Amino acid sequence: MSIGLMGIAAVACGRAEEPGLSAAEPAAKAAAPVGPAPGATIPLYRQADCPAGPSGRPSPGEVFDYRMLTDAGGLDRSALRRQTVKAVSGDVVDYDEMLEMTGQGAFPAEARGVRLVILPTQILGASVRYEGANDAMTALEPGQTVTIPAAYSRGRSTLQGQAKVTLIECGVSAAAITGAAGEPVVVYRLVMPYSTTLNPDELSETLDNEYVVSHARGWPIAERTSSGTLVLIPRTE
């Protein structure tokens, strides 16, 4: 899953140097949002027991469409993010991500990838490898946090860091997630550093996102960051 919302806010004036929703790598850092992000107070799920049995997984060709929530709990129709699954191999999913802005049209799709649903395999041109991620995340219980070693490679340079994953709790998705309401979900928080193209030799930025993952789909149906909240919408919307 992508990891940030600055791209949507900054597309009109050049993409923000922030990993995530932008469908093309940004050129300049966007200003940090002031006050709570849009949709930050809208419930995304209600707490419930964790779902039993193995989770589902996306299929090649499957498409997921997202829009941002407003403070009133509605959908911001000025931007659409579309993810199209290209390949699934083990715990790795490769997909294309496209951003479409009202009045500006669609930006070229970018190739992206994740491990174990939420761990990005690429961040702003750097490839990311994780050590022991499968065992660490499989053993997680609600309220627990694991630290996963991560290596970031960009050209001949490799930086060492850590990804911290917390299984916050489990639940049932709320009506605000219009494309997947009423589904059993697992809620994760991911905190990890990353480098930018402007400062490639230092892990100078920090990602801190919450993901609401559908147990049946094996894919995030909502993503909450400091910049806003994305929710899955029906394909017919």
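Things to note:
- Loop-resident sites, region 157-237, for trypsin sites (Lys or Arg not before Pro), counting at most 14 other Cβ within 10 Å (DSSP): Arg235
- Shape of region 88-237, Cα gyration tensor, a/c cut at 1.5: oblate
- Centroid-to-centroid separation of region 189-211 and region 126-185 [C-alpha atoms, Å]: 14 Å
Readers should treat all values here as calculations from the given coordinates under stated rules, not as data from a laboratory. Keep in mind the model is a prediction, meaning the values are calculated, not measured. Quick reminder, even Gly has a Cβ in these numbers, built from the backbone with ideal geometry, and neighbours come from all protein chains shown.
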